[in-house]
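Reviewing the structure listed below.
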Amino acid sequence: MSPEKPNIYTAEFRASAVKLANESDKPITQVAKDLGINVNTLHTWISKYSRPKENDKTARTDEHLYDELRRLKKEVARLTEERDLLKNRLPGAPTPYAKKQVALTLGRRADTGRLLFGG
């Protein structure tokens with residue numbers, strides 16, 4: 001027995017097979033059977049040759065990028081302002097809850113910083 005030689009199909013045949021499979025009302029398995037090719041081969045060709053071209057993708061324009069940059073700059077300014085307000089709050093203002101929790105887990109009072117246990 002000699003090993004079976006793989007069939008080599010022309011680019012035109014592949015293109016017409018893909019076009020027929022995409023435009024036909026028949027199932028892909030039937031189209032492949034009618035053409036005398038393996039179903040998996042036809043599926044491979046369809047996935048390879050039916051992809052949208054790179055040029056067809058909608059490209060983001062510079063205007064979109066500038067709008068995104070403007071939005072991000074506003075957000076950074078807002079977050080910086082919030083951070084500065086929290087960082088520079090008035091002395092004697094209540095300590096945020098998270099800071100109290102950290103101090104209590106370390107065994108210190110949040111408001112004075114003194115040890116709770118011993119010494």
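The values are calculated or read from the model by the stated rules, or taken from the named source; none is laboratory data. From a predicted model like this one, the values you see are computed outputs, not experimental measurements. Note: accessible area is taken over every heavy atom of the protein model, side chains too, but ligands, DNA and RNA are not part of it. Shrake-Rupley method; radii C 1.70, N 1.55, O 1.52, S 1.80 Å.
A few notes on this one:
- Segment residue 89-residue 35, length gained on full extension (0.36 nm per residue, minus Cα span): 11.6 nm
- With every protein chain in place and a 1.4 angstrom probe, the accessible-area ranking of 74, 26, largest first, reads 74, 26.
- Rolling a 1.4 Å probe across all protein chains gives residue 20 an accessible area of roughly 80 Å².
- ³J(HN,Hα) computed for each position of the range 17-30 - Karplus, 6.51 cos²θ - 1.76 cosθ + 1.60, integer Hz, glycine/proline x: 5, 5, 5, 5, 5, 6, 9, 7, 7, 6, x, 4, 4, 5
- Derived scalar couplings between HN and Hα for the range 71-78 equal 5, 5, 5, 5, 5, 5, 4, 5 Hz in order, rounded to whole Hz, by the Karplus curve 6.51 cos²θ - 1.76 cosθ + 1.60 (θ = phi - 60°), x for Gly and Pro.
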